[in-house]
Amino acid sequence: MRSWRSDVVGSLLRPEYLKEARRRHEAGELSPAEFKRIEDRAVDGAIALQEGVGLDVITDGEFRRYAFYGHLVDSVEGFDKFGGWAMPFRDDEGREHVVRRPVVVDRLKRRRPMAAEEFIYLRGRTDRQAKVTLISAQQAAAYYDPEKSKGAYPTIDAYLADVVDILRQEVAELVRLGCTYIQVDAPQYAALIDPEIREGYRQRGNDPDRLLDQCIELDNAVIGDHPGVVFGLHLCRGNNQSRYYASGGYEPVARVFERTRFHRFLLEYDDARSGSFEPLQHVPEDRVVVLGLVTSKKPELESKDLLKRRIEEASRYVPLERLALSTQCGFASTEEGNLVTPMDQEAKLRLVAETAREMWGDS
């Protein structure tokens, strides 16, 4: 069991110069070579930030993607980038922000690896534990529309079969390249956590528990069997410009802990929407829980003493030696980013690293 105590979910705030470079590149004003040099510069900054604050695990900040799912849409033919149904995100004051999702409109064809470039570049520039993030198959299921997609795939199952095949290829390629920590991002589980959304499924004739079983089956098929590689599953309740999608505790999806093959569960626990630690009693004895106690949505810095008390509280259900610490989600699931500053972000990442060292010592 790996003992990385301070983890990071994935995305970091994009520098403004990177956002501008992406816009210019997409408009044909910046050559691919020029854009890659700017991307590399930004990733170098992300690595320096994470190493500088002392994190055990680092990513490339997802700086080569326009969104956490961008590696799928940009590397696989068949998607209309913004043609899918709208997803509403809201904040604690009830303000909403609507995001247009991708939608599959043609048969999927893998043009290039999804995350190989990210890992190879990261691997060559750090001696810390490098992590790569991948979209879950069930998240990709949200990009199927019965009307818009039926010309390419008559059923969602046919579409998901191709998605799983592509993701399995990606996992195998990353393992071949030496990647030893792969995280699968699965915010779509939030729909199976939130009581209101679960009831909505029932009213439309879908059994949420049957959907949960399908999610587990898809996830297990994607990660397969790769000895020596740690697989993490990130479960949050939505994250877009400091807004969220769902609320509720993890009890309705506790079977995920018991029946998936993941080694680490990165869980959102930064506020009351996340529920109690009680569902952690379902986590098997050979798995690690990464407590997402530090919010990436708000600038206020958490108290280190409060974090330590909450870690101790969680240890009533999972022993301290099988716990770790992180932020509850990334800082920029899409390139717009959350409503925090780079200084806020650095302070929160440093807080994660320092608290972890004080709780567990050096990894």
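Applying a length cut-off of 18 Å (Cα extent along the axis) and a mean Kyte-Doolittle floor of 0.5 to the DSSP H helices of the chain leaves 156-176.
With the charge dipole of the chain set up from +1 on Lys and Arg Cβ and -1 on Asp and Glu Cβ about the Cα centre, the Cα lying farthest toward the positive end among the listed residues ILE193, HIS263, HIS226 is that of HIS226.
Close amide H pairs (under 5 Å, H built 1.01 Å from N) link TYR181 with VAL132, VAL230, residues at least 5 positions away or on another chain. Here's how it looks for VAL9: its modeled amide H is under 5 Å from those of THR327, which are all 5 or more places away or on a different chain.
Protection proxy ranking for 224-234, 174-184, 287-297, using the average of other Cβ atoms within 10 Å per residue and placing the highest first: 287-297, 174-184, 224-234. Around the amide H of VAL76, modelled in the peptide plane, lie the amide H atoms of ARG111, all under 5 Å away and 5 or more residues distant in sequence or on another chain.
For the chain, just say rounded, prolate or oblate: build the C-alpha gyration tensor, square-root its eigenvalues into a ≥ b ≥ c, call rounded for a/c under 1.5, and beyond that prolate if a/b exceeds b/c, oblate if not. Cα axes put the chain in the rounded bin. Element breakdown for the chain at a 1.4 angstrom probe: carbon and sulfur atoms account for 48% of the accessible area.
Computed from the C-beta positions of ASP207 and ARG107 and an R0 of 25 Å, the FRET efficiency is 0.30 to the nearest 0.05. Summarising the strand pairing of the chain, around 30 percent of its internal DSSP beta bridges are antiparallel. The listed residues GLU268, GLU354, GLU285, once ranked by accessible area (1.4 Å probe) with the largest placed first, stand as GLU285, GLU354, GLU268.
Remark: region 250-258, residue by residue, has Karplus-estimated 3J(HN,Hα) of 7, 4, x, 10, 4, 4, 4, 5, 7 Hz, where x stands for each Gly or Pro and the curve is 6.51 cos²θ - 1.76 cosθ + 1.60 at θ = phi - 60°. Rolling a 1.4 Å probe over the heavy atoms of the protein chains gives the chain an accessible area of 41 Å² per residue. Counted residue by residue at 0.36 nm each, then reduced by the alpha carbon distance between them, the extension gain from GLN169 to ASP44 reaches 42.3 nm. By a 1.4 Å probe calculation restricted to protein chains, MET114 has an accessible surface near 10 Å², given to the nearest 10. Among the listed pairs LYS131/LYS348; LYS109/LYS297; LYS36/LYS348; LYS150/LYS297; LYS81/LYS109, those with a Cα-Cα distance over 25 Å are LYS109/LYS297; LYS36/LYS348; LYS150/LYS297.
Between GLU199 and ASP286, the distance separating the two model label sites (each 7 Å from Cα on the Cα→Cβ line) works out to 4.1 nm. Stretching the chain fully between ASP157 and GLU217 yields a gain of 20.4 nm (0.36 nm per residue, less the alpha carbon separation).
Here the Karplus curve 6.51 cos²θ - 1.76 cosθ + 1.60, taken at θ = phi - 60°, turns the phi angles of region 315-321 into couplings of 5, 5, 10, 10, x, 3, 5 Hz, with x standing for Gly and Pro.
Between GLU313 and LYS36, the FRET efficiency estimated from the beta carbon spacing at R0 = 51 angstrom works out to 0.65.
Under a Cβ-only charge scheme (Lys and Arg +1, Asp and Glu -1), can you give me the dipole magnitude of the chain about the Cα centre, in debye to the nearest 20?
Here the chain has a charge dipole of around 480 debye.
If you take the square roots of the eigenvalues of the alpha-carbon gyration tensor of region 285-328 and sort them as a ≥ b ≥ c, do you get rounded (a/c under 1.5), prolate (a/b over b/c) or oblate? Note, shape of region 285-328 comes out oblate.
The values are calculated or read from the model by the stated rules, or taken from the named source; none is laboratory data. Since this is a predicted model, take the numbers as computed values, not measurements. Methodologically, a virtual Cβ is constructed for each residue, glycine included, from the backbone with ideal geometry; neighbour enumeration extends over all protein chains shown. Heavy atoms of the whole protein, side chains included, go into the accessibility calculation; ligands, DNA and RNA do not. Shrake-Rupley method; radii C 1.70, N 1.55, O 1.52, S 1.80 Å.
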